[in-house]
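Asker: I'd like to ask you about the structure that follows.
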Amino acid sequence: MKYSKIMLGAALIGATASTIFAQETLRSLAEERGRYVGAILNSEWFNNAIESQFEEIHKTQFNAVVAENEMKFDATEPNKGQFSYAKGDKMVTYAKANKMRVRGHALAWHSQVPGWVNNIRDKKQLLDVLKNHIDNVVGHWKGEVAEWDVVNEAINDDNNHGWRSNGSVWFQTIGAEFLDSAFVWAHAADPDAELCYNDYAIEWGLGQGSKAGFVVDQVKRWKQNNIPITCVGTQTHIEISHETTPQNVRALAKALAEHDVVLNITELDVGFPQGSAGSLGASDYAKQGHLYRQFMDVFLEEPNMGEFMIWGVTDAHSWLDGQQGKTQGLIYDKQYKAKPAYDSLIASLKAHPASEVKSPYKSAVTPPDSSATTDSTTTDSTATDSTVTDSSTVTPGDTSSVAPGDTSSVAPGDTSSVTPPPVTPGDSGVGIRHEAIASMELRMNLVGRTLSVAGAADAKVQVFDMRGRPVFSSVASKGSVDLSGLSNGLYVVRVRDGARSLERRVALR
Ligand code: G3I
């Protein structure tokens, strides 16, 4: 992501003295690393009741967005069959204009459900209502909301690791099958959307009887039963004293990687007890920054984490003061001045070179242009990640783009091109090396639906859709792979042979 000087100036609004001359923003550093860093749009933004600095900071520092309340059930279907999309549309328009990824929050949640739903006691009727809601809402934003919290906070708080019954019309009237059904219906409405289970207090560790352990067990069951879950969201509303939580998140990410599921931090804030508001000093804010930094460290080091979302931008607008008995949990203070936590996040990002950060979303960090003519892969020449990404599109029969001498291909022994694969948990990333062939240039050529690979004996071929989701993986054991199982469209093909890798965008027609 490149910024003009004017944009860069805007980027620095609210930056501290230590960052004022820096070229980087959270967003630019995250994008170089194939990651999303985001923050909510507060309800005040939707109501045009927020300071002008808010949007300047938001669009400059973040590349992902979620609505604080405006995509919830009571906001989108306040009356049966009457859908209200205006506020959500406003966010999607803003996100498109600023090339941001949109999270949708939330489809099935016991809270913020309108009265007409809460009064339903007939199972079939409520299943119909849930399906109709998901069909309409997910369908309305198909292709625009990249990821949905399909089910939010469905586990009870009484440590017997069961589904929440108290206060949940979904569980009381339908039973646990509402969760499975919601995922299946959301997938049917938008097969390309990532689908998450989202909850709080799952950053408390995987010990026996833990909520996180219950989530992992359910993820395993869902995957075994082909329920289309792709991600878990750990909300991570924590307090300054919760020092073990970053490493608990790491353990959860590793546990979910075994099931090929992404873990996203979806609602981070690190609050102080409200009573301490008047006595907070530099060491307190430094400690808060240290915790933020540890979360970012974990986030960047775990390959199956993709989004780092903060539940607010400024302490001037945060749910903590009104509802949580906590305060000042965000990275900008009430005057929109960046806090030490902001600098800590920047420091963490800079300490993790792009070449070492793996990502589930690497090839889709800048959302694809709807015209599908621009290359949406990360091609920022300023990025330290040296992934070889040819901006040309290879069409069937087009051999020109892979002709000998193509400087975009990877030269033998060029280890700078080592590219962390998009998330393929369980994939060791080590290809079979055949030294004689490995001394040749790694090349690919597409003829019809046959992709030929030269310069490698057993190269691994991975194909990703334009959202970066893996759709095909095979070894080109005889120098070619058959892509005829893929639908027409644009894809990113990655060929890897040991440490060498070559990536191109292709159009299958
Ligand atoms: O819309 C009404 C408005 O008409 C009325 O005048 C006003 C008076 O208080 O209330 C408004 O509704 C409030 C709503 O936010 C919109 O501002 C509700 O009272 C208030 O309860 C609601 O709080 C939201 C809360 O979810 C509800 O559960 C917070 O803004 C929102 O930050 C919070 O977000 C949740 C996530 O969705 C799930 N995870 C936890 C997170 C924090 O609680």
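Asker: Test of understanding: among 105, 187, which residue is crowded, with 16+ Cβ neighbours inside 10 Å, away from the ligand (no atom under 16 Å from the Cβ) and modelled with pLDDT of 95 or more? Break it down into steps so the answer makes sense when it comes.
Answerer: Values: 105 fails: away from the ligand (no atom under 16 Å from the Cβ).
187 is the lone residue from the list that is crowded, with 16+ Cβ neighbours inside 10 Å, away from the ligand (no atom under 16 Å from the Cβ) and modelled with pLDDT of 95 or more.
Asker: Residue 110 - would you say it is in contact with a helix residue (DSSP H, G or I) (Cβ under 7 Å, 6 or more places away or on another chain) and either more than 16 Å from the ligand (Cβ to nearest atom) or closer than 29 Å to residue 234 by Cβ (or both)?
Answerer: Values: in contact with a helix residue (DSSP H, G or I) (Cβ under 7 Å, 6 or more places away or on another chain): yes; either more than 16 Å from the ligand (Cβ to nearest atom) or closer than 29 Å to residue 234 by Cβ (or both): yes.
Against the criterion (in contact with a helix residue (DSSP H, G or I) (Cβ under 7 Å, 6 or more places away or on another chain) and either more than 16 Å from the ligand (Cβ to nearest atom) or closer than 29 Å to residue 234 by Cβ (or both)), residue 110 qualifies.
Asker: Restrict the check to the range 114-121 and report whether at least one residue is of a type in the set (Phe, Trp, Tyr) and within 29 Å of residue 54 (Cα to Cα).
Answerer: Our first condition is that a residue be of a type in the set (Phe, Trp, Tyr); within the range 114-121, this holds for 116.
So of that shortlist, the ones also within 29 Å of residue 54 (Cα to Cα) come out as none.
Checked the range 114-121: no residue is of a type in the set (Phe, Trp, Tyr) and within 29 Å of residue 54 (Cα to Cα).
Asker: Tally up the residues in the range 226-244 that are among the polar types (S, T, N, Q) and away from the ligand (no atom under 16 Å from the Cβ), please. Lay out the reasoning, then the answer.
Answerer: Of all residues in the range 226-244, those among the polar types (S, T, N, Q) come to 226, 230, 234-236, 241, 244.
Checking which are away from the ligand (no atom under 16 Å from the Cβ) leaves us with 226, 230, 241, 244.
Total meeting the criteria: 4.
Asker: I would also like to ask the following. Scan the range 306-343 residue by residue and report those that are more than 16 Å from the ligand (Cβ to nearest atom) and closer than 21 Å to residue 273 by Cβ.
Answerer: Residues satisfying the conditions are 331, 332, 333, 334, 339, 340, 341.
Asker: I've got another one for you. If the Cβ limit is 7 Å and pairs must be 6+ apart or interchain, which residue in the range 136-160 that is in contact (Cβ under 8 Å) with a residue 40 or more places away in the chain and in a loop (DSSP other than H, G, I, E, B) pairs with which residue that is among the aliphatic types (A, V, I, L, M) and more than 16 Å from the ligand (Cβ to nearest atom)?
Answerer: As it stands, the answer is 141/92; 142/189; 144/92; 145/193; 146/193; 154/179, since those pairs meet every condition given.
Asker: Where residues in the range 196-210 are farther than 24 Å from residue 134 by Cβ and surrounded by fewer than 20 Cβ atoms within 10 Å (Cβ to Cβ), which of them is farthest from the ligand (Cβ to nearest atom)? Steps first, answer last, please.
Answerer: Narrowing the range 196-210 to residues farther than 24 Å from residue 134 by Cβ: 201, 203-210.
If we keep only those that are surrounded by fewer than 20 Cβ atoms within 10 Å (Cβ to Cβ) too, we end up with 201, 204-210.
Details: 201: 11, 204: 15, 205: 19, 206: 21, 207: 23, 208: 26, 209: 23, 210: 19 Å.
Taking the candidates together, the pick is 208.
Asker: A further question on this structure: In a loop (DSSP other than H, G, I, E, B), modelled with pLDDT of 90 or more and among the charged types (D, E, K, R) - does that describe any residue in the range 370-389? Write out each step before concluding.
Answerer: Taking the range 370-389 as the starting set, the residues that turn out to be in a loop (DSSP other than H, G, I, E, B) are 370-388.
Within this subset, residues satisfying the condition of being modelled with pLDDT of 90 or more are none.
Checked against the condition, which is being in a loop (DSSP other than H, G, I, E, B), modelled with pLDDT of 90 or more and among the charged types (D, E, K, R), the range 370-389 yields no hits at all.
Asker: Evaluate the range 281-303: report whether one residue or more is in contact with a helix residue (DSSP H, G or I) (Cβ under 9 Å, 6 or more places away or on another chain), more than 21 Å from residue 243 (Cβ to Cβ) and hydroxyl-bearing (Ser, Thr, Tyr).
Answerer: no
Asker: Could I ask something else about it? Given the options 55, 68, name the one that is of a type outside the set (Phe, Trp, Tyr) and surrounded by fewer than 17 Cβ atoms within 10 Å (Cβ to Cβ).
Answerer: Working: 68 fails: surrounded by fewer than 17 Cβ atoms within 10 Å (Cβ to Cβ).
Only one candidate passes the filter, namely 55.
Per-residue answers, yes or no, for (1) within 14 Å of the ligand (Cβ to nearest atom); (2) small (Gly, Ala, Ser); (3) touching a Leu at 6+ places or on another chain (Cβ under 9 Å); (4) over 18 Å from residue 297 (Cα atoms):
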{"position": "30", "(1), (2), (3), (4)": "no, yes, yes, no"}
{"position": "33", "(1), (2), (3), (4)": "no, no, yes, no"}
{"position": "36", "(1), (2), (3), (4)": "no, no, no, no"}
{"position": "43", "(1), (2), (3), (4)": "yes, yes, no, yes"}
{"position": "51", "(1), (2), (3), (4)": "no, no, no, yes"}
{"position": "60", "(1), (2), (3), (4)": "no, no, yes, yes"}
{"position": "66", "(1), (2), (3), (4)": "yes, no, yes, yes"}
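Asker: Restricting the range 113-127 to residues that are open to solvent by 60 Å² or more (accessible area, probe 1.4 Å) and not charged (D, E, K, R), which is farthest from residue 67 (Cα to Cα)? Reasoning before the result, please.
Answerer: Here is the first cut: in the range 113-127, the residues open to solvent by 60 Å² or more (accessible area, probe 1.4 Å) are 119, 121-125.
Filter once more, so that each one left must be not charged (D, E, K, R): 119, 125.
Numbers: 119: 26, 125: 28 Å.
Only one residue fits best here, namely 125.
Asker: Scan the range 306-343 for residues that are closer than 17 Å to residue 69 by Cα and of a type in the set (Phe, Trp, Tyr) and jot them down.
Answerer: Scanning the range 306-343 gives 311, 319.
Asker: Within the set of pairs 6 or more residues apart or between chains, which connect a residue that is open to solvent by 10 Å² or more (accessible area, probe 1.4 Å) inside the range 285-312 to a residue that is among the charged types (D, E, K, R) and within 16 Å of the ligand (Cβ to nearest atom) with Cβ atoms less than 6 Å apart?
Answerer: Going by the 6 Å Cβ cut-off, the qualifying pairs are 311/267; 311/269.
Asker: While we're looking at this one, here's another question. For the range 256-269, state whether one or more residues are touching a residue at least 24 places away in the same chain (Cβ under 8 Å), in the same structural domain as residue 104 (by TED's automatic domain parsing), among the hydroxyl-bearing types (Ser, Thr, Tyr) and open to solvent by 30 Å² or more (accessible area, probe 1.4 Å). Working first, answer last.
Answerer: Start the filter on the range 256-269 by keeping residues that are touching a residue at least 24 places away in the same chain (Cβ under 8 Å), which leaves 256-269.
Adding the requirement that they be in the same structural domain as residue 104 (by TED's automatic domain parsing) leaves 256-269.
Of the ones still in play, those that are also among the hydroxyl-bearing types (Ser, Thr, Tyr) are 266.
If we keep only those that are open to solvent by 30 Å² or more (accessible area, probe 1.4 Å) too, we end up with none.
Scanning the range 256-269 turns up no residue that is touching a residue at least 24 places away in the same chain (Cβ under 8 Å), in the same structural domain as residue 104 (by TED's automatic domain parsing), among the hydroxyl-bearing types (Ser, Thr, Tyr) and open to solvent by 30 Å² or more (accessible area, probe 1.4 Å).
Asker: Also: With the checklist (1) open to solvent by 50 Å² or more (accessible area, probe 1.4 Å); (2) at positive phi; (3) within 16 Å of the ligand (Cβ to nearest atom) in hand, flag the one item residue 99 doesn't pass.
Answerer: Looking at each condition in turn, residue 99 falls short on (3).
This table checks each residue for (1) in the same structural domain as residue 295 (by TED's automatic domain parsing); (2) out of contact with any strand residue (DSSP E or B) (no Cβ under 9 Å at 6 or more places or on another chain); (3) over 15 Å from residue 267 (Cβ atoms).
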{"residue": "28", "(1), (2), (3)": "no, yes, yes"}
{"residue": "32", "(1), (2), (3)": "no, yes, yes"}
{"residue": "44", "(1), (2), (3)": "yes, yes, yes"}
{"residue": "48", "(1), (2), (3)": "yes, yes, yes"}
{"residue": "56", "(1), (2), (3)": "yes, yes, yes"}
{"residue": "60", "(1), (2), (3)": "yes, yes, yes"}
{"residue": "64", "(1), (2), (3)": "yes, no, no"}
{"residue": "68", "(1), (2), (3)": "yes, no, no"}
{"residue": "71", "(1), (2), (3)": "yes, no, no"}
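The values are calculated or read from the model by the stated rules, or taken from the named source; none is laboratory data. Source: prediction; values computed, not measured. So basically every Cβ, Gly included, is an ideal-geometry build from the backbone, and we count neighbours across all protein chains shown. Each accessible area value is taken on the protein alone, full model and side chains, heavy atoms only, with ligands, DNA and RNA left out. Shrake-Rupley method; radii C 1.70, N 1.55, O 1.52, S 1.80 Å.
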